[in-house]
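Asks: Submitted below is the structure of interest, expressed as structure tokens.
Throughout, read-outs are computed from the coordinates displayed, never taken from laboratory work. The shown structure was predicted, so the numbers you read here are calculated from the model rather than taken from an experiment. Heads up, the Cβs are rebuilt from the backbone with ideal geometry, glycines too, and the neighbour counts pull from every protein chain shown.
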């Protein structure tokens, strides 16, 4: 989360567009920015899991057996003008890449609204979600700062024992054997290429700059590891 | 409020002035960009805001956006009705959708903003 915010700052202050793929060392719950962090909202099964608050909105994500991405776009890119269109622009190429692997996902197409939104993002329904046979396998959320946007999302690949009611894409497709480092790396690379093409920017592989690492380190220490941040919405 | 009497920023906030009090909100253009609003966080009455700095946050379509204060000063009122019902922001952004009132510390900041005609032209250029 700290690195994602650091990349958002680079987008806002230096007009840098970035795409990052990552996984989590331990199963972790990331809360939507405005979500309450109250024990009664959480399942007992999750009580020992780490929790971190995101900058972006939406519901909580259980990061386990999934692939997370974060994408930043500066204010001077036309795509930064439409929040809904940005979801579609990033999700569409993922449909194409997954289809090439015989994983036929599609947009949900309709939004589902509830008086009380479920705690987990995967229990909520937005028309721009990606679904496989009706089950949500990818959802994204955004944060806009000084016109720049960070959008991050989670591709649910395997069913998590912490949320067995949300089937993973590879479980549904009976392709669980694909959940290997090599396949995940290939998927990230292919998705990066088609997303770069979709936003009409050249793709260049690069490590974080010293400045981005330093800012991320400060954010990790002073914000994302602090109870004051993670429990602040009550 | 009559839009002809308002001032507008490039970040799509509006300001209406009565004496030393500025009423602030976000424009219809901003609301249309944000689409369906579901949360708003307002500044506390008595706190200070600074021109160009964040004074609140809104969430729409799973997107959280910062709100930037057009002027500096002390927050004297916040439209707390918006916390439970954000619809005035889209239904009546220049009226009941006002967000805060501020006792200005530097009214000269208003000179930097656009009038309604210039703002409309600015929005047209943003949309293309």
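Asks: Sort A:165, A:64 so that the residue with the fewest other Cβ atoms within 10 Å of its own Cβ comes first and the one with the most comes last. Don't skip to the answer; put the middle values down first.
Replies: Working: A:165 10, A:64 22.
Ranking A:165, A:64 by Cβ neighbours within 10 Å, fewest first, gives A:165, A:64.
Asks: Strictly greater than 16 Å: what percent of every Cα pair in the stretch A:127-208 meets that?
Replies: Values: 2204 of 3321 pairs.
The answer is 66 percent, as a whole percent.
Asks: Give, as ranges by residue number, the residues of the stretch B:41-55 whose backbone N falls under 16 Å from the point 7 Å along Cα→Cβ of residue B:106.
Replies: Residues B:48-55 qualify, since their backbone N sits under 16 Å from the label point.
Asks: What distance in nm lies between label points placed 7 Å from Cα along the C-beta direction at residue B:84 and residue A:176?
Replies: The answer from the label model is 4.9 nm.
Asks: Still on this structure, please answer the following. Determine, from the Cβ-Cβ distance of residue A:44 and residue A:106 and an R0 of 35 Å, the FRET efficiency 1/(1 + (r/R0)^6), rounded to the nearest 0.05. Could you put the intermediate results ahead of the total?
Replies: Numbers: r = 34 Å, r/R0 = 0.98.
The calculated FRET efficiency here is 0.55.
Asks: Let me ask something else about it. Once the Cα gyration tensor of the stretch A:1-100 is found, what semi-axes does its equivalent ellipsoid get, as square roots of 5 times the eigenvalues, in whole Å, sorted largest first? Could the numbers behind the result be given before it?
Replies: Details: eigenvalues 144, 59, 35 Å².
Largest first, the stretch A:1-100 gives 27, 17, 13 Å.
Asks: Determine the percent antiparallel among the DSSP beta bridges restricted to the protein assembly as shown, to the nearest 5.
Replies: On the way: 60 of 68 bridges.
Counting only bridges with both partners in the protein assembly as shown, antiparallel ones make up about 90 percent.
Asks: Same structure, new question: If one computes P(r) from the Cα atoms of the stretch A:2-211, what percent of pairs lie at distances over 24 Å? Walk me through the numbers before you get to the answer.
Replies: Values: 8733 of 21945 pairs.
Across the stretch A:2-211, Cα pairs with separations above 24 Å total 40 percent.
Asks: Using alpha carbons only, what's the Rg to Rh ratio of the protein assembly as shown with Rh from Kirkwood?
Replies: On the way: Rg = 21.2 Å, Rh = 21.6 Å.
On the Cα set of the protein assembly as shown, Rg over Rh gives 0.98.
Asks: Could I ask something else about it? Students often get this wrong: which residues of the stretch A:128-164 have the backbone nitrogen under 11 Å from the point 7 angstrom along Cα-to-C-beta of residue A:183?
Replies: A:157-158
Asks: Roughly speaking, what is the centre-to-centre gap between the stretch B:39-67 and the stretch A:139-208 when only Cα atoms are used, to the nearest Å?
Replies: Between the Cα centre of the stretch B:39-67 and that of the stretch A:139-208, the gap is 30 Å.
Asks: Continuing with this model, one more query. Shielding of A:54-61 by partners, i.e. mean partner chain Cβ atoms within 10 Å per residue? Provide the component values of the computation, followed by the final result.
Replies: On the way: counts 1, 1, 4, 11, 6, 1, 0, 0.
The per-residue average across the peptide is 3.
Asks: Using the alpha-carbon centroid of each, what span in Å lies between the stretch A:79-110 and the stretch A:1-69?
Replies: Here the answer is 20 Å between Cα centres.
Asks: Within the stretch B:1-16, find all residues whose amide N lies under 17 Å from a label point positioned 7 Å from the Cα of residue B:76 along Cα-to-beta-carbon.
Replies: The answer is B:15-16.
Asks: Shielding by partners for B:61-72, please: the mean number of other protein chain Cβ atoms within 10 Å of each residue's Cβ. Before the final figure, lay out each step's value.
Replies: Numbers: counts 12, 20, 16, 13, 8, 5, 0, 1, 0, 0, 0, 0.
Average neighbour count from other chains, rounded to a whole number: 6.
Asks: If you don't mind, another one. Rg (Å, one decimal) plus Dmax (Å, integer) for the alpha carbons of chain B?
Replies: 13.5, 40
Asks: Right, another one. Can you show me the helix-derived [θ] at 222 nm for chain A, built from DSSP H runs with n ≥ 4 at -39,500 (n - 2.57) apiece and divided by the number of residues, rounded to the nearest 500. Numbers along the way, then the final one.
Replies: On the way: 6 runs with 67 residues, N = 234.
Taken over chain A, the calculation gives -8500 deg cm²/dmol.
Asks: Still on this structure: Using mean Cβ contacts within 10 Å as the protection proxy, how do A:196-207, A:93-104, A:177-188 order, highest first? Please report the intermediate quantities before stating the final value.
Replies: Values: A:196-207: 11.1, A:93-104: 16.2, A:177-188: 13.6.
Result, highest mean first: A:93-104, A:177-188, A:196-207.
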